[in-house]
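Student: If you scroll down you'll find the structure; I have some questions about it.
We did not get these values from a lab; they are worked out from the coordinates using the rules stated. Model, not experiment: these values are computed from the prediction. Here the Cβ is made from the backbone with ideal geometry for all residues, glycine too, and neighbour counts use every protein chain on show.
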Amino acid sequence: MAPQVTRISIFFACLVFAFAGSVSVISPSSIGQLGPKRYDSLARLQNQPEKYSGNKPCITCHGNSSPHAQNGVPCEACHGPGAAHSKDKNVGVTVMPTRAACGICHESNAAKRVSFPQVGMTTHYPNQRCVDCHKMHMYLNPKPSNTTKPAVEAMAAGSAPKTGSTKPTAPDKLQSKTQKVGGK
Amino acid sequence: MMKPEEKAQVSAPKDDNKITRAEFLTETAKSIILIGAGAAGYASWSRLNTRLAKRKLTPIKGYPSSPWYSIAVDLTACIGCGRCVEACCVENDVPANHFRTWVERYVVRKDGETHVDSPNGGRNGFPDDVPENQIEKAFFIPKLCNQCNEAPCVQACPVDATFLSPEGAVVVDYDTCNGCGACIPACPYGARFWNPKKHKADTCDLCYHRITKGQSPACVEVCPVNALVFGNLADPNSPISKFCRENPVLTLKPHLNTGPKVVYKGLSKEAV
């Protein structure tokens, strides 16, 4: 073989091996496992922080004795993401005892199933807070007892209101729905 | 350091049995290069072999050896409160007016017309704006990525950035995705969107960061009426397997043969 051919072939062989060697050293070992160009994509997706913690950390400190929690309503449905709060109690969660907050679920709508307790939010005591009558949470500040009606008080306690007691003047869909659900 | 014999050889006339110093150095250099190149070649060849072996051991489709997650939706329980939408948007940092999951309201009037609406994806609930005496039938239907086994978006992606994870979730590799948007019209369920924050295509990946740590997706976590059931389809005792066994369930657009894993209980013919 001519010496220049030998030299050129040695040079090109070195180039090829240098390329193959550097590719195998530089490229991450997980490349090709999930497709030709991907590497560590699943690990990167897993690194995203969680913002919702689930019920367990809430119940550890606050208990689950409220009627909503007893019915299986998750805390974070109303109070927003709680992962940060469960790690550091100085980070607050959304506390929302407003009418609008209750109306998100309990506003009457023809598309909702009949068995779900719902009420016309614009007609059912529009100037009062829902939580003044419906004790749906154990951490709310109790109102003076003279403002609560005995019928709704009994309703909050879980028993059906007595007939002939103080009837609300506004159309009370929620009351009849609760009776139906309670009877089951 | 030069030995005296070598010095003598350089000055001596060339002999057939002896080599000159220049020839010796050239041959040594050649052999070192050849040995080095051979070692490098062997190293890269063995690395390639281990990589190929790994690739054979970890196939992309893990079912049924690994979990195969999905979500079942109970439309008879859904109240359209939109808490799932809120949770999804917060958890995954979805920009405004874009949704990984959203709730639609179907209203079939007595004159036979069907109206579908989803104000802000159902995130703030639905107004009671249709008079009840005009309604024949009305229901909510939460929509999300159907996690197809034969996903059209995966087939449409030109750079192979979206794929089925070993857990059965359709995930997007945001580093490979170049944001061309070919997957968006490919999805027959309209579940894909272009994320203006990431400048990439985006979709529901069943909260991949949560399900791989043993948690439920955020939407399932917050549903107040348990209308969303999450679980492992490969495990016969998981909640979703029980749900599918005990209830009649359907998928959306089954005629497209996309193999959706998300199933619906109580699906009406208007929404199929």
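Student: Between A:GLN70 and A:SER30, what FRET efficiency follows from the Cβ-Cβ distance if R0 is 30 Å, with the result rounded to 0.05?
Tutor: About 0.05, to the nearest 0.05.
Student: Let me ask something additional. What FRET efficiency comes out for A:ALA84 versus B:LYS18 if R0 is 56 angstrom and r is the Cβ-Cβ distance? Round to the nearest 0.05.
Tutor: 0.10
Student: Taking the Cα centre of the range A:61-120 as the origin, how large is its charge dipole in debye, to the nearest 20, when only Lys and Arg (+1) and Asp and Glu (-1) carry charge on their Cβ atoms?
Tutor: Dipole magnitude for the range A:61-120 comes out near 60 debye.
Student: Can you tell me the relative contact order of the range B:131-248? Whole percent, Cα pairs under 8 Å, sequence separation 6 or more.
Tutor: That works out to 16 percent.
Student: ³J(HN,Hα) across the range B:174-182 via Karplus (A = 6.51, B = -1.76, C = 1.60, θ = phi - 60°), whole Hz, x for Gly/Pro?
Tutor: Residue by residue, the range B:174-182 yields 5, 7, 7, 4, 9, x, 6, x, 5 Hz.
Student: Under the definition of Cα pairs under 8 Å and six or more residues apart, what whole-number percent is the relative contact order of the range B:209-272?
Tutor: Reported as a whole number, the value is 18 percent.
Student: Convert each backbone phi in the range B:194-210 into a coupling constant with the Karplus relation 6.51 cos²θ - 1.76 cosθ + 1.60 (shift: θ = phi - 60°), then list the ³J(HN,Hα) values in order as whole Hz, x for Gly and Pro.
Tutor: 9, 7, x, 6, 8, 6, 9, 6, 9, 7, 5, 10, 6, 6, 3, 5, 8
Student: How long is the gain from B:ASN237 to B:LYS137 if the chain were fully straight, where each residue apart is worth 0.36 nm and the alpha carbon distance is subtracted?
Tutor: Extending this stretch completely gives an extra 32.5 nm.
Student: Under a no-solvent Debye model with one identical scatterer per Cα of chain B, what's log10 I(q)/I(0) at q = 0.08, 0.11, 0.16 Å⁻¹?
Tutor: The computed values of log10 I(q)/I(0) come out as -0.46, -0.70, -1.25.
Student: Considering every residue in B:82-89, what mean count of other chain Cβ atoms within 10 Å of its Cβ is obtained?
Tutor: Across B:82-89, the average partner-chain Cβ count within 10 Å equals 3.
Student: Determine which aspartates and glutamates satisfy two conditions relative to B:LYS200: a Cα distance under 14 Å, and not lying fewer than 8 residues away in the same chain.
Tutor: Excluding near neighbours in sequence, the set is B:ASP93, B:ASP160, B:ASP173, B:ASP175.
Student: Another question about this same structure. Determine the shape class of the range A:46-112: with a ≥ b ≥ c the square roots of the Cα gyration tensor eigenvalues, call it rounded for a/c under 1.5, and otherwise prolate if a/b is greater than b/c, oblate otherwise.
Tutor: Here the range A:46-112 falls in the prolate category.
Student: Quick one: compute the contact order of chain B, relative version, from alpha carbon pairs under 8 angstrom and 6+ residues apart, as a percent.
Tutor: Here the relative contact order equals 23 percent.
Student: By its C-alpha gyration tensor, with a ≥ b ≥ c as the square roots of the eigenvalues, how is the range A:1-114 shaped: rounded for a/c under 1.5, else prolate for a/b larger than b/c, else oblate?
Tutor: Here the range A:1-114 falls in the prolate category.
Student: Okay, next question. In terms of modelled amide H atoms, which long-range or inter-chain residues lie less than 5 Å from the amide H of B:ALA138?
Tutor: Counting only residues 5 or more places away or on other chains, the set is B:VAL108.
Student: Pairs B:LYS137/B:LYS265; A:LYS87/B:LYS143; A:LYS51/A:LYS89; A:LYS89/A:LYS135: which exceed 22 Å Cα-Cα?
Tutor: In this structure, A:LYS87/B:LYS143; A:LYS89/A:LYS135 lie more than 22 Å apart at Cα.
Student: Given +1 on the Cβ of Lys and Arg, -1 on the Cβ of Asp and Glu, and no further charges, what dipole in debye does chain B carry about its Cα centre, rounded to the nearest 20?
Tutor: 800
Student: Moving to a separate point now. Per residue of A:67-78, count partner chain C-beta atoms within 10 Å of its C-beta, then hand back the mean as an integer.
Tutor: The mean count of partner-chain Cβ atoms within 10 Å per residue comes to 4.
Student: Give the long-range amide H neighbours of B:SER70: residues separated by 5 or more places, or on another chain, with amide H under 5 Å away, using H modelled in the peptide plane at 1.01 Å from N.
Tutor: HN-HN under 5 Å from B:SER70: B:GLY231, B:LEU233.
Student: Karplus couplings for the range B:153-161 from phi (6.51 cos²θ - 1.76 cosθ + 1.60, θ = phi - 60°), rounded to Hz, Gly and Pro as x?
Tutor: Each residue's phi maps through the Karplus curve to give 5, 5, 5, 7, 5, x, 10, 6, 8 Hz.
Student: Sorted by mean Cβ packing within 10 Å, highest first, what order do the peptides A:52-62, A:116-126 take?
Tutor: Output ranking for A:52-62, A:116-126: A:116-126, A:52-62.
Student: So if each residue of separation counts as 0.36 nm, and I subtract the Cα-Cα distance between B:ASN178 and B:LYS269, what length gain in nm does that give?
Tutor: Taking B:ASN178 through B:LYS269 to full extension adds about 29.0 nm, to one decimal.
Student: Calculated FRET efficiency, A:VAL5 and B:TYR42, Cβ-Cβ r, R0 30 Å, to nearest 0.05?
Tutor: The computed FRET efficiency comes out at 0.75.
Student: Within 10 Å of each Cβ in peptide B:140-146, how many partner chain Cβ atoms are there on average? Round it to a whole number, please.
Tutor: 1
Student: Is the C-alpha gyration tensor of the range B:155-198 telling us rounded, prolate or oblate? Criteria: a/c under 1.5 is rounded; beyond that, a/b larger than b/c is prolate, otherwise oblate.
Tutor: It is rounded, given that a/c, with a ≥ b ≥ c, falls under 1.5.
Student: In nm, what is the difference between 0.36 nm times the number of residues separating B:ILE33 and B:LYS198 and their Cα-Cα distance?
Tutor: Once the chain is fully extended between B:ILE33 and B:LYS198, it gains 54.6 nm.
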